[in-house]
Amino acid sequence: MRSHYCGEVRASDIDSTVQLYGWVHRRRDHGGIIFVDLRDREGFVQVVFDPDETPAVFADVEGLRSEYVIEVSGRVRRRPEGTENPDLPTGEVEVVGESMTILNRAETPPFMLDVEDDEVGEELRLRHRYVDLRRRGMAERMKLRSRITRVLRDYLDDHGFLDVETPMLTRATPEGARDYLVPSRTHRNQFFALPQSPQLFKQLLMVAGMDRYYQITRCFRDEDLRADRQPEFTQLDIEASFVDEDTIMDLMEGMVRRLFGEVLETALPEPFPRMTYAEAVRRYGSDRPDLRIDLELVDVADLVADADFKVFSGPATDPHGRVAALRVPGGGSLTRKAIDDYTDFVGIYGARGLAYIKVNDPAAGREGLQSPILKFLSDAAVDGILQRTAAEAGDLVFFGADKHHVVNEALGALRVRLGHDLDRVEEGWRPLWVVDFPMFEWNDEDNRWYALHHPFTAPRDEDVERLESAPGECLSRAYDLVLNGTEVGGGSLRIHHEPTQRRVLEALGIGAEEAEDKFGFLLDALRYGAPPHGGIAFGLDRLVMLMAGAHSIREVMAFPKTQSANCPLTRAPSEVGEAQLRELGIRLRRPSGGSSEG
C-alpha cells in the first residue's frame with residue numbers, strides 16, 4: 001500500500017523505500033535513463049529508472065505515456081548537485097525506481113494539464129472535468145475549499161453550535177427567485193421544491209430549543225446566472241437563540257478572522273468597520289462597497305437644481321431622483337475614446353449618458369475647465385462642484401443624473417471599473433458590516449412592496465408600529481458582511497412574535513388566508529414559545545473564490561454548471577421517457593420548433 005503521497009516525499013526520507021501511486025505527468029528519456037514526473041493530489045516527485053539497475057522494469061517504463069496510472073516502489077536519494085528544483089517541495093530528492101506496475105492506461109487527454117484556466121475553453125474543461133481537476137491549480141482549490149470548511153466547522157463546534165441537517169424536499173416559496181420543482185409520484189399532481197435556503201427550518205430549530213445551529217448545505221435557485229451565481233450552490237447556514245445583532249456579528253467576526261489567520265496566515269482588522277446601508281449607497285452607490293477603492297460619489301443636486309439643463313435639473317428636483325459626481329484623480333488624461341467606452345459601460349445599468357468635466361486649472365474657475373455641459377451651469381454651480389468634489393488639476397469629474405437606483409447602480413459600477421482600470425485598488429482585505437437596511441423595496445411593475453432580505457427579518461423595535469402606515473421608512477435588524485466589494489454573508493434577527501410576523505406578511509400583500517396556506521406551520525410554531533433568535537448565511541463558494549483568487553465560483557466547485565445552467569459532463573438537464581412522465585402524471589406541451597416545455 002501507499003507509504004507517501006508523491007508531493008510529500010522529503011529529504012528526511014532519504015535512504016528509505018517508498019511506495020507511491022499516481023499519474024504519469026511527464027516522461028523524459030535522457031541518455032538511456034528515464035525520468036518520470038509522478039503526480040497525485042499532493043504534488044509531484046521525480047522517479048528515476050536506470051536500465052543497468054532495473055533492466056526487467058525498464059522495458060515497461062519505456063512504454064509509459066502521459067496520464068497512465070502506475071504503482072512505483074523505490075529508494076529515496078538526494079538529487080545530484082545542480083539538479084535540485086527549488087520550485088517543488090520535493091525538489092531536493094528523487095526516487096530511484098525499483099519496481100513499476102501499470103494499473104491503467106490512458107488515452108491522450110483532451111488538453112494539457114499544465115495550461116492556465118483561460119487557455120482552454122470552459123466548455124471543454126467542464127465536459128472533461130475529471131481531467132481538469134487533475135491540474136495543479138484546480139487540485140489546490142479543492143484542497144483549499146476542504147481546509148476552509150474544516151476551519152469553519154471547528155470554530156462553530158468550539159462555540160457550541162450543533163450541526164443539524166434540514167430537508168432537501170420542501171414546499172415552494174412565494175418570494176424571491178424561482179424554485180426548482182420536484183414532482184411527487186406518490187402524491188399525484190403535487191410537487192416538492194428544492195430549498196432556496198434552510199431559512200424556515202433553522203428558525204423552527206430555534207423554537208425547538210436547539211439554541212445554536214449550523215449546516216453546510218446545498219441550496220437551489222432557478223435564476224439567471226453570473227460569475228458568482230449557480231443554480232445549486234453551497235451555503236454555511238447559522239442560527240442562534242437569545243442573541244442580538246452585536247452577538248451575531250462578534251461571533252462571525254471571530255470566525256472569519258480565525259479562517260483567514262489559519263488558512264491564509266492573514267490578520268484581519270478587529271473589529272470590522274460598520275456602515276449603514278444609507279451611507280454605503282450615498283458614498284459608493286452600492287450596499288456592498290469595495291473599500292479598497294478610494295473613489296466616492298458626492299451629491300450635487302442642490303447645486304444644479306436651477307440649471308438650464310433638464311438632464312440635471314429634472315432628477316435634481318425629483319424626490320426619487322439623484323445627481324451625483326464622481327471625481328477621478330488624474331482622470332483628465334483619459335482619451336475621448338476611453339470616456340465613450342465608459343459611457344457605453346454605464347448604459348448597461350440604465351444610464352442614458354455620462355456627463356463629465358475635465359479639470360485643467362481649478363483656480364481659474366470656468367476658464368480652467370473643459371466640458372460640453374459647462375455652458376448650462378452657473379458660475380455658482382461650477383464653483384460648488386469643484387469645491388464639493390475637491391477636484392484638482394488633472395482630475396476628471398463624471399456625473400450621473402437619473403432615478404436614484406439608476407445613478408447608484410451606474411456610478412457604483414463605474415467607480416469599481418475605474419478603480420481597476422486606473423490601478424487604484426489597494427492590496428489586502430477590507431471587510432465591512434453593512435447595517436440598517438430598509439425592510440421593504442417598492443416594485444413599480446407589480447405595484448407592491450417586497451422584502452429587501454426575506455419576509456422573516458425583524459423590523460427595528462421603533463418601526464413595528466409603522467409597518468402599515470409607512471412601510472417604506474421602516475428599517476430592519478439586518479446585517480451583511482462585505483469583503484472587497486463582494487457580499488459573502490447576509491443575516492438578520494428574525495421575527496419571533498406571531499402577530500408581528502402576520503403584520504409583515506400583510507405589508508407584503510400576503511393576506512391571512514395565503515399566509516396560513518404557505519406559512520401556517522411557522523405561524524403556529526411562533527405561538528409555542530419562540531425565543532428571540534437570529535442568524536446569518538455565508539455563500540461558501542463566494543468565500544472560497546475570494547480566498548483562492550479565482551474569477552468565478554465555477555473555479556472552486558468540483559462539478560459546476562455553465563452560465564446557461566447545464567452540465568457538459570453529464571449532459572443534464574435531459575429529457576425523460578414517456579413512461580416515467582406518465583407515472584408522475586406529467587404531460588409535456590411541445591410548441592412549434594420541436595423543443596419541450598413542462
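The values are calculated or read from the model by the stated rules, or taken from the named source; none is laboratory data. From a predicted model like this one, the values you see are computed outputs, not experimental measurements. Please note: Cβ atoms are built from the backbone with ideal geometry, for glycine as well, and neighbour counts cover all protein chains shown.
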Would you call GLY350 surrounded by fewer than 16 Cβ atoms within 10 Å (Cβ to Cβ), touching a helix residue (DSSP H, G or I) at 6+ places or on another chain (Cβ under 6 Å) and not aromatic (Phe, Trp, Tyr)? yes
Since PRO86 meets every condition but one in (1) touching a residue at least 12 places away in the same chain (Cβ under 8 Å); (2) surrounded by fewer than 18 Cβ atoms within 10 Å (Cβ to Cβ), which condition does it not meet? (1)
Meets criteria (surrounded by 19 or more Cβ atoms within 10 Å (Cβ to Cβ), basic (Lys, Arg) and in contact (Cβ under 8 Å) with a residue 12 or more places away in the chain) for ARG415: yes
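Okay, residues lined up against (1) touching a helix residue (DSSP H, G or I) at 6+ places or on another chain (Cβ under 9 Å); (2) farther than 27 Å from ILE33 by Cα:
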| position | (1), (2) |
| --- | --- |
| GLU94 | no, no |
| PRO110 | yes, yes |
| ASP117 | yes, yes |
| VAL120 | yes, yes |
| ASP132 | yes, yes |
| ALA139 | no, yes |
List the number of the failed condition for TYR214; all other conditions in (1) touching a residue at least 40 places away in the same chain (Cβ under 8 Å); (2) surrounded by fewer than 19 Cβ atoms within 10 Å (Cβ to Cβ); (3) more than 21 Å from PRO560 (Cβ to Cβ) hold. (2)
For the structure I just gave you, tell me whether THR389 is polar (S, T, N, Q), within 30 Å of PRO271 (Cβ to Cβ), buried (at least 16 other Cβ atoms within 10 Å of the Cβ) and out of contact with any helix residue (DSSP H, G or I) (no Cβ under 7 Å at 6 or more places or on another chain). no
Tell me, yes or no, whether the range 336-355 has at least one residue that is more than 25 Å from GLY485 (Cα to Cα), more than 36 Å from the chain's Cα centre (by Cα) and in the same structural domain as ALA305 (by TED's automatic domain parsing). no
In the range 240-274, which residue that is over 21 Å from the mean Cα position of the chain (by Cα) and in a strand (DSSP E or B) is nearest to ARG145 (Cα to Cα)? ALA240
Starting from residues that are surrounded by 14 or more Cβ atoms within 10 Å (Cβ to Cβ) and polar (S, T, N, Q), keep the ones in the range 64-83 and report whichever is nearest to the chain's Cα centre (by Cα). SER66
Among the numbered criteria (1) surrounded by 16 or more Cβ atoms within 10 Å (Cβ to Cβ); (2) assigned by TED's automatic domain parsing to the domain that holds SER146; (3) more than 26 Å from VAL435 (Cβ to Cβ), which single criterion is violated by GLU265? (1)
For the condition closer than 25 Å to ALA139 by Cβ, in contact (Cβ under 8 Å) with a residue 24 or more places away in the chain and out of contact with any helix residue (DSSP H, G or I) (no Cβ under 6 Å at 6 or more places or on another chain), what is the one hit in ARG26, ARG75? ARG26
Hey, can you tell me all the residues within the range 273-300 that are under 29 Å from ASP379 (Cα atoms), crowded, with 18+ Cβ neighbours inside 10 Å and touching a Phe, Trp or Tyr at 6+ places or on another chain (Cβ under 9 Å)? LEU295, LEU297, VAL300
Is it the case that the range 434-454 has a residue that's assigned by TED's automatic domain parsing to the domain that holds ARG503, among the basic types (Lys, Arg) and not in a strand (DSSP E or B)? no
Leading residue by the ranking (surrounded by the fewest Cβ atoms within 10 Å (Cβ to Cβ)) among those in the range 1-23 that are more than 35 Å from the chain's Cα centre (by Cα) and of a type in the set (Ser, Thr, Tyr): SER12
Any chance ALA550 is outside any helix (DSSP H, G or I) and in the same structural domain as GLU239 (by TED's automatic domain parsing): yes
Which residue pairs have Cβ atoms closer than 7 Å, lie 6 or more positions apart in sequence or on different chains, and pair a first residue in the range 147-176 that is free of Cβ contacts under 8 Å to residues at least 40 places away in the same chain with a second residue that is assigned to a loop (DSSP other than H, G, I, E, B)? THR170/PRO195; ALA172/ASP179
Being within 23 Å of the chain's Cα centre (by Cα) and either modelled with pLDDT of 95 or more or assigned to a loop (DSSP other than H, G, I, E, B) (or both) narrows it down to one of GLY176, GLY160, so name that one. GLY176
Residue count, the range 307-322 (criterion: assigned to a helix (DSSP H, G or I) and either touching a strand residue (DSSP E or B) at 6+ places or on another chain (Cβ under 9 Å) or surrounded by 15 or more Cβ atoms within 10 Å (Cβ to Cβ) (or both)): 6
Find the residue count for the range 292-306, including only residues that are in a loop (DSSP other than H, G, I, E, B), of a type in the set (A, V, I, L, M) and more than 15 Å from LEU411 (Cα to Cα). 1
Mind checking whether some residue in the range 521-528 is of a type outside the set (S, T, N, Q), in contact (Cβ under 8 Å) with a residue 24 or more places away in the chain and not in a helix (DSSP H, G or I)? yes
Does any residue of the range 382-390 turn out to be in a helix (DSSP H, G or I) and hydroxyl-bearing (Ser, Thr, Tyr)? yes
Examine the range 487-505 for a residue that is among the hydrophobic types (A, V, I, L, M, F, W, C), without any contact (Cβ under 8 Å) to a residue 12 or more places away in the chain and not in a loop (DSSP other than H, G, I, E, B), and state whether such a residue exists. no
Out of all the residues in the range 344-355, is one or more in contact with a Leu (Cβ under 7 Å, 6 or more places away or on another chain) and not charged (D, E, K, R)? yes
